[in-house]
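The values are calculated or read from the model by the stated rules, or taken from the named source; none is laboratory data. Everything numeric here is computed off the predicted structure, so don't read it as measured data. For the accessible areas, the whole protein counts, side chains as well, though only heavy atoms, and no ligand, DNA or RNA atoms are used. Shrake-Rupley method; radii C 1.70, N 1.55, O 1.52, S 1.80 Å.
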Amino acid sequence: MPLTFAAPSCDATPLYALTSEGVEDWIATQPDATQAWIAATDFKAALGSVALLPGTDGEISAAVVGLGSDKARARSRFALAASAKSLPEGSYTLASDLAGLDPETEALGWLLAGYAFDRYAKASGAKAQLVCPAGVDAQKVEAIAAGEALTRDLINTPASDMGPDELEAASCDLATRFEADFTVTKGEDLLEQNFPMIHAVGRASPRAPRLIDMRWGSSGPTLTLVGKGVCFDTGGLNLKPGASMGLMKKDMGGAATVLGLAHMIMALNLPLRLRVLIPAVENSVSGDAFRPGDILNSRKGLTVEINNTDAEGRLVLADALALASEENPDQIISMATLTGAARVAVGPDLSPFYTDDDAIASALSAAADAVADPVWRMPFWEPYEKMIEPGIADLDNAPKGGFAGSITAALFLRRFAQGQSYTHFDIYGWNPSAAPGRPKGGVGMGARAVLNALPKILNI
């Protein structure tokens, strides 16, 4: 079902959202019959709890949902959405405040609770619809929800149905919808157009590698988004073990996230010029696969020694970043499911990001807190530059030793965006267990934080 708000109606069921700390005060203001009913149900306003109040006609007269305790809310996000799946189908209108919670964020969480990936089997999200709360921009929230749903759908689709061809088609559909310019450089044309590392990584697959290029907007500051589009990652000749390969359909999560973010930007008609670059490949094994020990040329002219073919994402991003930097945009942002080291460092919830600009870092952190899309700044640590310099080539794609894996990957990418205002996100793109507004599966990370920070980053 579409992630949209219910139309305002006098028939919408009143919805009271209460904290554990405030439930007793609310109960004290209610009629005796309501107090007796709440007491009988033992409702304590725990996070996600629901009490349905009966009317004199036997219908539901109101619903009461729990926002939980201060501690529970601090350990979660989208507190209002925690109860959405437990409510009967119908439309609901908030009849209380949200105890200091941000109405826009909570309304978005409710919409996202309606998401379900049902392409291959029956599935459904919450069927209870919310009337847009007073003061919340319904169009904005629905546009953000639609962008997030696009990201989730792309990541959740298995590689059998989401290879480079299908990722290109999804990007083209988005470009068509918003009348954006769209070009693709594919197969052997990548060599002719000087994208040698994108070609090298993808050439072993029967599904041709390509670089997707979308442009939108005619005025304003320039923003280029670069998303890693490795539609499946076997590890190449450095083959992953089976357990590590199981989630590799999500290795295009960076591409999915920048497409979701692009949808938000275009749907909201932000006053900027947007470019989206997606190197779309499949890292496969065949007689034509690139090898450990190979030295690859890059678009920027730097040579790269291959010490592990499973560190391929940074290779395809490097050529795309080199192209992005040639136009000197006001901001380049890359998003990629790049390293396991990032997950070891911050787990699956946080989006680590890298920037040399303290003002951008501050804007992103504040914006992330405001919209419940947590990020964490990591350092471009200069002393580690020597770890990515093997001597036999300009750069090493997989430094030995295992230390600082996310940092060295970010330093590698920065070499190809040198001199630009550049921010890199090393995201996970997957929610390992269900949470309010965030079912298990593909998920956007960092996109809403970036969207909220763009006015400060680009002065728009």
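The heavy atoms of CYS10 offer some 130 square angstrom of accessible surface to a 1.4 angstrom probe. Taking amide hydrogens as placed 1.01 Å from N in the peptide plane, the amide H of PHE232 sits under 5 Å from those of ASN283, each at least 5 positions away in sequence or on another chain. Amide H to amide H, with H built 1.01 Å from N, SER334 comes under 5 Å of VAL226, THR423, HIS424, PHE425, counting only residues 5 or more places away or on other chains.
In summary, the aspartates and glutamates within cross-link reach of LYS456, defined as a Cα separation below 19 angstrom excluding same-chain residues under 8 places away, comprise ASP330, ASP356, ASP357, ASP358, ASP369, ASP373.
Could you work out [θ]222 nm for the chain from helices alone, using -39500 (n - 2.57) per DSSP H run of at least four and dividing by all its residues? Round to the nearest 500 deg cm²/dmol. Intermediate results must be reported in sequence, preceding the final value.
Working: 15 runs with 150 residues, N = 460.
Dividing the helical sum by the residues of the chain leaves -9500 deg cm²/dmol.
The calculated P(r) of segment 194-255, using every Cα pair and 5 Å bins from 0, goes 4, 13, 20, 23, 16, 10, 7, 4, 3, 1 in percent. Our coupling estimate for segment 41-51, obtained by passing each phi through the Karplus curve with A = 6.51, B = -1.76, C = 1.60 and θ = phi - 60°, is 8, 6, 6, 10, 6, 4, 3, x, 6, 9, 10 Hz, Gly and Pro reported as x. How big is Rg to Rh over segment 352-395, alpha-carbon atoms, Rh as the Kirkwood inverse-mean-distance radius? On the Cα set of segment 352-395, Rg over Rh gives 1.20. Helix 164-177 sits at what angle to the longest principal axis of the chain, using alpha carbons and giving 0 to 90 degrees rounded to 10? For 164-177 against the chain, the angle is about 60 degrees. Using the Karplus relation 6.51 cos²θ - 1.76 cosθ + 1.60 with θ = phi - 60°, the per-residue 3J(HN,Hα) values for segment 4-17 come to 10, 7, 6, 5, x, 7, 6, 8, 5, 6, x, 10, 9, 10 Hz, with x marking Gly and Pro. Excluding same-chain neighbours fewer than eight residues apart, the lysines reachable from LYS249 by a Cα-Cα span under 17 Å are LYS228, LYS240, LYS440. Of the listed residues TRP110, TRP376, the order by accessible area with a 1.4 Å probe, largest first, is TRP376, TRP110. Heavy atoms of the protein chains alone define the surface here; on that basis the chain has 40 Å² accessible area per residue at 1.4 Å probe size. For Cα extents along the principal axes in Å, which listed value, [x] 82, 45, 44; [y] 72, 53, 42; [z] 58, 55, 45, comes from the coordinates shown? Recomputing Cα extents along the principal axes in Å here gives the entry labelled [x]. The angle between the Cα long axis of helix 253-267 and the main principal axis of the chain comes to about 60°, on a 0 to 90 degree scale. Taking amide H positions as modeled 1.01 Å from N, with prolines and chain starts lacking one, the residues under 5 Å from GLY442 and 5 or more places away or on another chain are ASN156, ASN431. For PHE182, PHE195, the ranking by accessible surface with the largest value first comes to PHE182, PHE195, using a 1.4 Å probe. Computed from backbone phi, the HN-Hα couplings of segment 338-345 come to 9, 9, x, 4, 5, 5, 4, 6 Hz, rounded to whole numbers (Karplus: 6.51 cos²θ - 1.76 cosθ + 1.60, θ = phi - 60°; Gly and Pro given as x). Taking the Cα centroid of segment 33-63 and of segment 213-242, what is the distance between the two, rounded to the nearest whole Å? Centre-to-centre (Cα) distance: 49 Å.
Percent of accessible area on the chain owned by carbon and sulfur, 1.4 Å probe? Intermediate values should be presented prior to the final figure.
On the way: 9310 of 18420 Å².
It is 51 percent, rounded to a whole number.
Sorting LYS122, LYS300, LYS400 by accessible area puts them as LYS122, LYS400, LYS300; the probe is 1.4 Å, largest comes first, and only protein heavy atoms count.
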